[in-house]
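In what follows, a single structure is set out as structure tokens and then discussed.
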Amino acid sequence: MKTRAAVAFAANKPLEICDIELEGPKAGEVLVEVKATGICHTDYYTLSGADPEGLFPAILGHEGAGVVVDVGPGVTTLKKGDHVIPLYTPECRQCKSCLSRKTNLCTAIRSTQGQGLMPDGTSRFKCDGEPVLHYMGCSTFANFTVLPEIAVAKVREDAPFDKICYIGCGVTTGIGAVIWTAKAEAGCRAVVFGLGGIGLNVIQGLRMIGAEQIVGVDINPSKKEMAEKFGMTDFVNPKEVEGDLVPYLVNLTDGGADYTFDATGNVNVMRQALECCHRGWGQSIIIGVAPSGAEIATRPFQLVTGRVWKGTAFGGARGRTDVPRIVDWYMNGKINIDDLITYKLPLECINEGFELMHEGKSIRSVVEF
Ligand code: NAD
Ligand code: 022
Ligand code: ZN
């Protein structure tokens, strides 16, 4: 069949809207009609050429929602008509990692996914007879895409695609970092660095679990208003703090935060986030993805005195199990997604969505097919 897609033919070139060839689902795979997709930073990072693991030509996009329109042989957990969210972190429930219950980083299809291929080692997309690669196992910048069954979460049918697509990455990453990675408890004090599409979801996760204090830190003061709406109790602009930021934050949180979160991807910020944790028990969660080759530093004394450094991928969520629950939370009014979707665009304007993100003007832009 044919599908319309925004294709990344080479690094640092705008996406091109094309009709491309798509093969149907093979064993263990499903064909999904993508109804909406968010535009996220990793898509930009890969397109920019800065990602050494980025491959071209490829169909980017990893934050989607849609409907199953066909299933391959052997598929048992999904059927035509199911509403779904693609998962860049799959959940096979059989590999060592899934069975460990200690991580969400399923390894079942990891190597082929990293190479832009389906688990059988081939691509389903072709343009002018030449293969086009998949991306993060999702390729949601296409109206139709093929996904492994283990990389699909089935969700309720009354949820709007143009909102729940964001649960495919940003919402789950931010909220999950609070509840699954940090396991933060009611009454805690927290500091969130970076009040963008991820940090705001960390904030609403903290509000949901009943945090006592939620300090937001951002160098862009225009982020304050939205963060307050999502539950931030104190705003700090590092540019306006006299003296060092870390002691200022330790003082503001009565001796240090119980939990801190980096949602900037800046390694200097990661150090500040660790060091403003409370002595003896404070935990700092790294969410931001730093540039390739970057390193983090602190004095071992910071860890010897009980601070903990942790990282999180996809908020520690087990996709097929946890993503449908987050959709329920949205539908029950426990979390707010609507206010975070600041722009909606047709596929033809997807490059404008990248610009809005790059300029810091959007929280999330969503493409509707
Ligand atoms: P964003 O650009 O919307 O937000 C980043 C915010 O950080 C901006 O508001 C910016 O003003 C602020 N900022 C920049 N430098 C700062 C500094 N020195 N101090 C304080 N604030 C600063 O980006 P986003 O969509 O929220 O994503 C944030 C990070 O999370 C990215 O690195 C992204 O790749 C990463 N991410 C990680 C995962 C994961 O699973 N670990 C998933 C999704 C996104
Ligand atoms: C999503 N991310 C950033 C913005 N939107 C993001 C990027 C990378 C990861 C998670 C979220 C990530 C953390 C750890 C890993 N990845 C490695 C997982 C593993 O080795 O098992 C990661 C993931 C997918 C891909 C690359 C790196 C990929 O498909 N190419 C989850
Ligand atoms: Zn993302």
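Comparison of T140, T145, T181 shows that the only residue that is at pLDDT 95 or above, more than 30 Å from M270 (Cβ to Cβ) and either within 16 Å of ligand 3 (Cβ to nearest atom) or of a type in the set (S, T, Y) (or both) is T145. Within the stretch 183-199, which residues are of a type in the set (A, V, I, L, M, F, W, C) and within 8 Å of ligand 1 (Cβ to nearest atom)? Correct list: F193, L195, I198. A Cβ distance below 8 Å, combined with a sequence gap of six or more or placement on separate chains, defines the contacts here; from the stretch 80-109, residues that are on the phi > 0 side of the Ramachandran plot reach residues that are away from ligand 2 (no atom under 11 Å from the Cβ) and assigned to a strand (DSSP E or B) in the pairs G81/V67; G81/V68. For the stretch 199-212, the condition holds for no residue, the condition being that it is surrounded by 23 or more Cβ atoms within 10 Å (Cβ to Cβ) and farther than 26 Å from D338 by Cα. Residues that are small (G, A, S) and more than 18 Å from the chain's Cα centre (by Cα) were ranked within the stretch 171-198; the one that is farthest from C276 (Cα to Cα) is A186.
Please state which one of G306, G360, G333 is surrounded by fewer than 18 Cβ atoms within 10 Å (Cβ to Cβ), touching a residue at least 60 places away in the same chain (Cβ under 8 Å) and part of a loop (DSSP other than H, G, I, E, B). Steps first, please.
Details: G306 fails: touching a residue at least 60 places away in the same chain (Cβ under 8 Å); G333 fails: touching a residue at least 60 places away in the same chain (Cβ under 8 Å).
Result: G360 is the single residue among G306, G360, G333 that is surrounded by fewer than 18 Cβ atoms within 10 Å (Cβ to Cβ), touching a residue at least 60 places away in the same chain (Cβ under 8 Å) and part of a loop (DSSP other than H, G, I, E, B).
The set of residues in the stretch 1-24 being hydrophobic (A, V, I, L, M, F, W, C) and closer than 15 Å to R124 by Cα consists of M1, A5, V7, I20, L22.
Grab the helices (runs of 4 or more DSSP H) fully contained in the stretch 10-123, keeping just those with 3 or more residues being over 30 Å from G360 (Cα atoms) and either among the hydrophobic types (A, V, I, L, M, F, W, C) or modelled with pLDDT of 95 or more (or both).
Working: elements: 41-48, 96-100, 110-114.
Helices (runs of 4 or more DSSP H) meeting the threshold: 96-100, 110-114.
Rundown of residues vs (1) out of contact with any strand residue (DSSP E or B) (no Cβ under 9 Å at 6 or more places or on another chain); (2) within 15 Å of ligand 3 (Cβ to nearest atom); (3) more than 30 Å from D19 (Cα to Cα), yes/no style:
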| site | (1), (2), (3) |
| --- | --- |
| T312 | no, yes, yes |
| R320 | no, no, yes |
| D328 | no, no, yes |
| G333 | yes, no, yes |
| L347 | no, no, no |
| M357 | no, yes, no |
| I363 | no, yes, no |
| V367 | no, yes, no |
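Matching residues to (1) assigned to a strand (DSSP E or B); (2) farther than 25 Å from D43 by Cα; (3) within 16 Å of ligand 2 (Cβ to nearest atom); (4) out of contact with any Pro (no Cβ under 9 Å at 6 or more places or on another chain):
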{"residue": "E225", "(1), (2), (3), (4)": "no, yes, no, yes"}
{"residue": "K239", "(1), (2), (3), (4)": "no, yes, no, no"}
{"residue": "G293", "(1), (2), (3), (4)": "no, no, yes, no"}
{"residue": "D328", "(1), (2), (3), (4)": "no, yes, no, yes"}
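Taken as a whole, the structure leaves V202 outside the set of residues that are in contact with an Asp or Glu (Cβ under 7 Å, 6 or more places away or on another chain) and not in a loop (DSSP other than H, G, I, E, B).
Selection of first residues in the stretch 152-177 that are under 15 Å from E91 (Cβ atoms) and of second residues that are assigned to a helix (DSSP H, G or I) and within 10 Å of ligand 1 (Cβ to nearest atom), restricted to Cβ pairs under 7 Å at least 6 apart or on distinct chains, gives the following pairs, ordered by first then second residue: T172/F314; T172/G315; G176/F314; G176/G315; G176/G316. In the stretch 158-182, of all residues being among the charged types (D, E, K, R) and in contact with a helix residue (DSSP H, G or I) (Cβ under 9 Å, 6 or more places away or on another chain), the one that is nearest to ligand 1 (Cβ to nearest atom) corresponds to K163. Looking across E130, E149, one residue alone is farther than 25 Å from T76 by Cβ and not basic (K, R). It is E130.
Of the numbered criteria (1) farther than 25 Å from C169 by Cβ; (2) crowded, with 22+ Cβ neighbours inside 10 Å; (3) aliphatic (A, V, I, L, M), the one L252 fails is (2).
The criterion of being in contact with a His (Cβ under 9 Å, 6 or more places away or on another chain), closer than 24 Å to T140 by Cα and in contact (Cβ under 8 Å) with a residue 24 or more places away in the chain does not hold for V323.
The values are calculated or read from the model by the stated rules, or taken from the named source; none is laboratory data. Bear in mind that the values here come from a model prediction, so they are computed numbers and not experimental data. Quick reminder, even Gly has a Cβ in these numbers, built from the backbone with ideal geometry, and neighbours come from all protein chains shown.
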